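The values are calculated or read from the model by the stated rules, or taken from the named source; none is laboratory data. Worth saying up front: this structure is predicted, and the values here are computed from it rather than measured. Here the Cβ positions follow ideal geometry from the backbone for every residue, glycine too, while neighbour counts run over all protein chains shown. Remember, those area values only see protein heavy atoms, side chains included, never the ligands or the DNA or RNA. Shrake-Rupley method; radii C 1.70, N 1.55, O 1.52, S 1.80 Å.
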Amino acid sequence: MTGTSVKVFIPRDTTSLALGAEQLAAEFTAAAEQRNDHVQIVRNGSRGLFWLEPMVEVETPAGRVGYGPVTCADIDSLLEQGMLKGEQAHPLSLGLAEEIPYLKKQQRLTFARAGITDPVSLDDYQQHDGFAGLRNALAMSAQDIVDAVKASGLRGRGGAAFPTGIKWQTVLDAVPTDLSGQKYIVCNADEGDSGTFADRMVMEADPYMLIEGMTIAGLAVGATQGYIYLRSEYPVAHQILNEAIAKAEAAGFLGHNICGSGHAFQLEVRLGAEAYICGEETSLLESLEGKRGLVRAKPPLPAIEGLFGQPTVVNNVLSLAAIPFIMDKGAQAYADFGMGRSLGTLPFQLAGNIKRGGLIELAFGLTLRELIEDFGEGTFSGRPARAVQVGGPLGAYMPESQWDTPLDYEAFSAIGAVLGHGGVVVFDDTVDMSEQARFSMEFCVAESCGKCTPCRIGSTRGVEVIDRIRNNENREANLELLGDLCDTMIDGSLCAMGGMTPFPVQSAVKYFPEDFEPKTADGGV
Amino acid sequence: MTTIAFDEQREQRVAGIIEGLKHKPGALLPILHGIQDSEGYVPESSVVMIAAELNLSRAEVHGVISFYHHFRTTPPGRHIVQICAAEACQARGARQLEAYAQERLGVEYHQTTADREITLEKVFCLGNCACGPSVRVDDEIVARVSNERFDQLVNELTTQSLEVK
């Protein structure tokens, strides 16, 4: 190589780092230096093709070519075989990154920049449409912004799927009770559902999009203070968000005078402390106020009496991240994706025992089977898939007979399942569903805030009853008791923790009854 | 005597952290994080200080500390190792890894090895759900942890600290 340096992209998101990307970047730099190859290493986010991470990309005149999964042991042979010229002889060659079918088949709106840009580069962000939505919003009235969000059909991506525009309207119309007139934008980044990582990817791959979305929300409802409530289990996201916020402030995209408009918006990251319940919005608000994360009764809605008793928008990362696209390309452009009342795209997260796990952003309407088989290519173990849990630890376990259900909010709720935050966890045929049902109750024991008795006590009784069933003690009577207990939890809990913990339990009992049968003497079922 | 000096230094550090953060709205969690990041845990002596500065009762501060899994009130080992015990990692063998880790280290969850090197904790989801089982070692997350990889991690941790000594 002569003269100009070649741009090489090595991701810095959690999964890539967990697979050795930090050491890879260091050794790659050293190896290139030793060979006198001039390279410029860019630490990008991940594109979400996690089975290929660390995926290294090289910029060539034809586009960015990918290699993966790359380990330190591959560096010399990759450089030797013309990687920096984009040559494709090496076994790890993936061709043009954009042409990888897994990626090409997607409809990336929210994740359009993920893995392409340097997450903390303001220049990169703006060269890829960044802040175009904010500039449009600055020229609009608050009501016009809210109307655009309503027209987009965007529904909360945290799990409850409440229309975002209607929530914003409530906050816009609400009058603060304190003298300062403060309203708040709170981003729920307590992504606690196992099998989900879309929020993390937004924050690690494209944090300015979230910052922009929150700033627009502030303009829309008249809030000047925002908080990102981030789970402490995400140290990489924490670091990247703080870097991005500092840079955005320095460049005038946050602060007292956004882009010279006279509007103010301050943003701060607050760390959670390992409590799943704090993903529930009222528990989150309590935690932000410095208290135990006890769930509040609703009403009053947080939109009217939220953080510190003031009108507050609480939105999930993905909901806020969808806003810049809507404000830039228009509400209709967003609503053109999707089906029925599920408009736009949903980033699905394929996880667990899956060969090709990763992030798949698509309009609603694909089936679970297409996701698992076409994208995921089956299980990691190579054994048949048996159960799929969609929507996190409070989501039902779905048997194969349900895998042709279209992935949209209404179709899922019609069969007693939830899409939630779009997490899809695949289990192979070695799974013991009575063990999974027990875990659901055990998880509720560990994570219940303790406010409602059915959740606090019922979950402990649930573990005990399932243990008795597993031990074949009074089986029939205990199964009936478990059914009653589940009904009590569903009917008698304030929030989804107690109210939905029974979903995975009931679905396991209903669709996988053989796992609750007495074990035969030889240990088989 | 050195213990007293050490306690005084710690008290000064804690006082500095509280002073720097107490004016934030909802300051308690940031303060507890600050103290734990600095001291490794939230010492009992700091509860009184926080309560006084935030105009809360000691019971209220204690109630918050005990609500969250993250905060600890006793000193941890030199490193904290967390095993992800949530569903996506279960589907990839986390239950087996949990058992192996406890056996290998000779401790149960929330305990510290006799040499004070490693405190073992469980965690529900590190967001690395496509490449489990996942383990967090201090602030680093490690993917696809087999028993062999776990041994390797433990060896790296214990070897490094020997070099430091």
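Return the carbon/sulfur percentage of the accessible area of chain A, one whole number, probe 1.4 Å, all protein chains in place.
Working: 9490 of 18440 Å².
Carbon with sulfur: 51 percent of the solvent-accessible area.
So how strong a dipole does segment B:52-147 carry about its Cα centre when Lys and Arg Cβ are +1 and Asp and Glu Cβ are -1, to the nearest 20 debye?
Rounded to the nearest 20 debye, it is 180 debye.
Restricting to Cα pairs below 8 Å that are 6+ residues apart, what does the relative contact order work out to for chain A? Please round to a whole percent. If you can, show how the numbers build up before the last one.
On the way: 1114 pairs, mean separation 70.0, N = 525.
Reported as a whole number, the value is 13 percent.
Treat every Asp and Glu Cβ in the protein assembly as shown as -1 and every Lys and Arg Cβ as +1, leave all other atoms uncharged, and give the resulting dipole magnitude about the Cα centre to the nearest 20 debye. Let's see the in-between values first.
Details: 57 positive and 91 negative charges, 207 e Å.
Dipole about the Cα centre, nearest 20: 1000 debye.
What's the longest bit of chain A with no exposed GluC sites (Glu not before Pro), using DSSP loop states and at most 14 other Cβ atoms within 10 Å as the test?
On the way: sites that count: A:GLU87, A:GLU377, A:GLU473.
The longest uninterrupted stretch comes out as A:88-376.
Which length gain, in nm to one decimal place, applies between A:CYS72 and A:GLU400 when the Cα-Cα distance is subtracted from 0.36 nm times their residue separation? Kindly include the intermediate steps, with their values, before the conclusion.
Details: separation 328, 0.36 × 328 = 118.08 nm, distance 3.99 nm.
Answer, rounded to one decimal: 114.1 nm.
Heavy-atom accessible surface, probe 1.4 Å, ligands and DNA/RNA ignored: which residues of segment A:229-277 lose at least 50 Å² versus the isolated chain?
Those are A:GLU233, A:PRO235, A:ARG270, A:ALA273, A:GLU274, which lose 50 Å² or more relative to the chain on its own.
Run the numbers on segment B:7-33: which residues show a drop of 30 Å² or more in accessible area, chain on its own versus all protein chains together, using a 1.4 Å probe over heavy atoms?
B:LYS24, B:PRO25, B:GLY26, B:LEU29, B:HIS33
Do any residues of segment A:348-366 show a loss of at least 40 square angstrom of accessible area between the isolated chain and the full protein assembly, using a 1.4 Å probe, and if so which?
Residues losing area: A:GLY352.
Please compute the per residue accessible area over segment B:1-68 with all protein chains in place, 1.4 Å probe, rounded to a whole number of Å².
It amounts to 53 Å² per residue over segment B:1-68.
Quick one: compute the contact order of segment A:122-334, relative version, from alpha carbon pairs under 8 angstrom and 6+ residues apart, as a percent. If you can, show how the numbers build up before the last one.
Numbers: 402 pairs, mean separation 68.3, N = 213.
This gives 32 percent for segment A:122-334.
For A:GLN127 and A:HIS256, compute 0.36 nm times the residue count separating them, minus their Cα-Cα distance, and round to one decimal in nm. Could you put the intermediate results ahead of the total?
On the way: separation 129, 0.36 × 129 = 46.44 nm, distance 2.45 nm.
Here the segment from A:GLN127 to A:HIS256 would lengthen by 44.0 nm.
Let me know the whole percent of all Cα-Cα pairs from segment B:12-165 that are separated by more than 24 Å.
Working: 4983 of 11781 pairs.
Cα-Cα pairs of segment B:12-165 separated by over 24 Å account for 42 percent.
Got a sec? Charge dipole of chain A, +1 on Cβ for Lys and Arg, -1 for Asp and Glu; which of A:THR170, A:GLY63, A:PHE253 is way out at the positive end?
Value: A:THR170.
With each label point set 7 Å from Cα along the Cα-Cβ vector, what nm distance links A:LYS7 and B:ARG58?
Modelled inter-label distance: 5.9 nm.
Please compute the volume of the convex hull spanned by the alpha-carbon atoms of chain A and report it per residue in Å³.
On the way: hull volume 77.3 nm³, N = 525.
Dividing the Cα hull volume of chain A by its residues yields 147 Å³.
Roughly speaking, what is the stretch gain from A:LYS355 to A:THR430, that is 0.36 nm per residue apart minus the C-alpha to C-alpha distance, in nm to one decimal?
Once the chain is fully extended between A:LYS355 and A:THR430, it gains 25.4 nm.
Restricting to Cα pairs below 8 Å that are 6+ residues apart, what does the relative contact order work out to for segment B:2-67? Please round to a whole percent.
On the way: 36 pairs, mean separation 17.7, N = 66.
Over segment B:2-67, the number comes to 27 percent.
Which value in deg cm²/dmol, rounded to the nearest 500, describes the helix-derived mean residue ellipticity at 222 nm for the protein assembly as shown, given -39,500 (n - 2.57) per DSSP H run of n ≥ 4 and division by the residue count?
Values: 27 runs with 287 residues, N = 690.
So the helix-based figure for the protein assembly as shown works out to -12500 deg cm²/dmol.
Between chains A and B, what is the buried accessible area summed over both chains (1.4 Å probe, protein heavy atoms, nearest 100 Å²)? Show your work: numbers first, answer last.
Details: alone 20280 and 9780 Å², together 26230 Å².
When A and B are taken together, about 3800 Å² of accessible area is lost.
Could you list the residues of segment B:118-152 with an amide nitrogen less than 13 Å from a label point located 7 Å from the Cα of B:GLN96 in the Cα-to-C-beta direction?
Output list for this probe position: B:133, B:145-149.
Any chance you could tell me what percent of the C-alpha pair distances in segment A:433-516 go past 20 Å?
On the way: 747 of 3486 pairs.
Result: 21 percent of Cα pairs exceed 20 Å.
How far apart, in nm, are two points set 7 Å out from the Cα along the Cα-to-Cβ line at A:ALA142 and at A:ALA297?
According to this spin-label approximation, the distance is 3.0 nm.
Express in % the proportion of alpha carbon pairs of segment A:259-380 at distances exceeding 18 Å. Provide the component values of the computation, followed by the final result.
Working: 5071 of 7381 pairs.
Looking at segment A:259-380, the distances longer than 18 Å represent 69 percent of pairs.
Starting from the Cα of B:GLU140, move 7 Å in the Cα-to-Cβ direction to define the label point; list residues of segment A:47-67 whose amide nitrogen is under 20 Å from there.
Counting only backbone N, you get A:53-56.
If you count only protein heavy atoms with a 1.4 Å probe, what accessible area per residue comes out for segment A:337-428, rounded to a whole Å²? The partial results should precede the final answer.
Details: 2590 Å² over 92 residues.
Per residue, segment A:337-428 has 28 Å² of solvent-accessible surface.
Output ³J(HN,Hα) for segment A:120-129: one whole-Hz value per residue in order, computed from phi by the Karplus curve 6.51 cos²θ - 1.76 cosθ + 1.60 with θ = phi - 60°, and x for Gly and Pro.
9, 8, 5, 5, 4, 4, 6, 5, 10, 6
Of A:GLY218, A:SER5, A:GLY483, whose Cα points farthest to the positive end of the dipole of the protein assembly as shown (charges on the beta-carbon: +1 Lys, Arg; -1 Asp, Glu; origin at the Cα centre)?
Checking the options against the dipole of the protein assembly as shown, the answer is A:GLY218.
Where a Cα-Cα gap under 13 Å defines reach, which aspartates and glutamates qualify for B:LYS24, not counting those fewer than 8 residues away within the same chain?
Straight-distance partners of B:LYS24: A:GLU268, A:GLU289, B:GLU53.
Taking the convex hull of the alpha carbon atoms in segment A:6-104, what volume per residue do you get, in Å³? Intermediate results must be reported in sequence, preceding the final value.
Numbers: hull volume 8.2 nm³, N = 99.
Enclosed volume per residue, from the Cα hull, is 83 Å³.
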